[in-house]
1. Determine ³J(HN,Hα), in whole Hz, for all residues of segment 51-57 in sequence, where each value follows from phi through the Karplus function 6.51 cos²θ - 1.76 cosθ + 1.60 and θ = phi - 60°; x replaces Gly and Pro.
2. Over 25 Å between Cα atoms, which of LYS98/LYS268; LYS59/LYS110; LYS134/LYS241; LYS110/LYS291 qualify?
3. Given a 1.4 angstrom probe, I'd like the percentage of the accessible area of segment 65-124 that is carbon and sulfur, rounded to a whole number.
4. Name the residues whose placed amide hydrogens come within less than 5 Å of the amide hydrogen of ILE206, ignoring near sequence neighbours (fewer than 5 apart) on the same chain.
5. Could you list the square roots of 5 times each eigenvalue of the Cα gyration tensor of segment 191-307, that is, the equivalent ellipsoid semi-axes, sorted largest first and rounded to whole Å?
6. Name the residue from SER118, THR48, SER63 whose Cα lies farthest towards the positive end of the charge dipole of segment 35-127, charges +1 on Cβ of Lys and Arg and -1 on Cβ of Asp and Glu.
7. What translational D, rounded to a whole number of µm²/s, comes out for segment 79-125 from Stokes-Einstein when the hydrodynamic radius is the Kirkwood one over Cα pairs, at 37 °C and 0.692 mPa s?
8. Determine the sum of side-chain charges near CYS273: Lys and Arg each +1, Asp and Glu each -1, restricted to other residues whose C-beta is under 9 angstrom from that of CYS273.
Amino acid sequence: EEEKLDAKDEKVEAKEEEVKEEDDGLGDEPPKVELSEEELHFDFRQATVGDIAPAALSKSLSSFTIPEESEGFDAVEFVWEGEAECKEYLRRWVLDAKQSTRMEDLQPSKSFADKMGSWQKQFQEWQAKQKSFKTNPTKKEKKDFEETETKVDIFSIEDVDDMGDGEPLYANFAPEDWALLQLRYESYLLQESFKKDVDDPDRTDIPEVHIAFYFSKYFKRTLNPQVFNFKTVSELLDLVKDTVIVSGEPAVLTSNMDDVDSPEIFVKLTEECRRDRQRRTDAGDETAKLKYTPPAGAATAIRPQVPLQSWSQIRPGFKAPGKGAPPVGGLGNLGWKGKW
């Protein structure tokens with residue numbers, strides 16, 4: 001029995017020695033961590049998940065401050081950095097947070113609502129006047145297209161509703177031109193209203209990644225670049241770069257317009273671009289053509305209000321049937337058969 005136990009112990013010791021001699025690949029010294037150039041500038045571990053929800057953080061950003069003795073502290077010690085450096089660090093952190101978080105609780109002001117209401121009324125009036133001009137031959141005068149454009153300076157026109165002989169500046173607007181006119185004004189109004197409603201010197205422009213969010217919040221609809229065959233909002237807004245641009249690092253929406261006294265300037269800008277596209281297309285430049293698909297349910301023109309007419313007005317000599325009588329022409333006219 002003793003011999004068996006001794007043999008067993010020898011086998012166990014041999015296995016332990018084999019385990020010890022096995023190379024684990026780690027070496028005799030612990031591995032050394034190598035940091036990148038960017039990581040060497042970090043004072044704290046970069047967390048992937050924030051301490052609080054972005055919406056709650058956005059509401060509190062303006063209240064973040066460095067503690068001071070005036071708040072009731074016996075003493076405030078700055079161990080890692082001085083007081084000035086800590087305040088600067090916090091200022092940069094708050095500024096970066098304002099650029100990366102959305103203001104979920106932001107509500108459009110009454111000023112925005114009033115301007116948008118006036119714009120919608122004006123937009124409809126322009127579309128109605130264009131339709132009236134096109135359907136009223138007494139106001140038309142046959143003119144050579146190129147000759148007319150060379151004689152008329154767009155930005156010298158005082159009244160966009162009448163360039164002469166009753167012809168409006170927007171007489172040749174197609175559905176895509178009306179869409180671009182609307183995009184110009186709305187992108188301008190969005191940027192201006194955002195700046196006034198937020199009233200924060202650190203948040204004067206809308207970050208590129210948040211443009212669609214704030215557009216939806218203000219206009220209650222989606223900003224869809226696919227209607228012009230684009231994939232991104234920035235590509236769409238590039239069509240109206242005479243009004244707004246997306247630029248900078250990080251990229252933000254900025255306005256190219258000063259205070260606008262009249263929305264007629266947007267009509268002039270739209271007509272200028274329309275004429276430029278027309279000239280390029282006539283010269284054989286296929287890239288000048290816009291690929292526009294009106295959104296489902298969108299009205300690109302104002303339909304005239306037709307007064308209700310009686311059957312006697314529609315069909316002279318028609319007499320309304322008495323009570324219980326079938327309609328003239330039989331029930332087949334209604335798309336089904338049966339007894340009255």
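The values are calculated or read from the model by the stated rules, or taken from the named source; none is laboratory data. Keep in mind that this is a model prediction, so the values were computed, not measured. For neighbour counting, all protein chains shown are included, and Cβ atoms are generated from backbone atoms with ideal geometry for every residue, glycine included. With ligands, DNA and RNA removed, areas are computed over all heavy atoms of the protein, side chains included. Shrake-Rupley method; radii C 1.70, N 1.55, O 1.52, S 1.80 Å.
1. 6, 10, 5, x, 5, 5, 4
2. LYS98/LYS268; LYS134/LYS241; LYS110/LYS291
3. Result for segment 65-124: 50 percent of the exposed heavy-atom area is carbon or sulfur.
4. For ILE206, the qualifying residues are LEU253.
5. 27, 20, 17
6. SER118
7. It diffuses with D of about 227 µm²/s by this estimate.
8. Its environment carries a net charge of -2.
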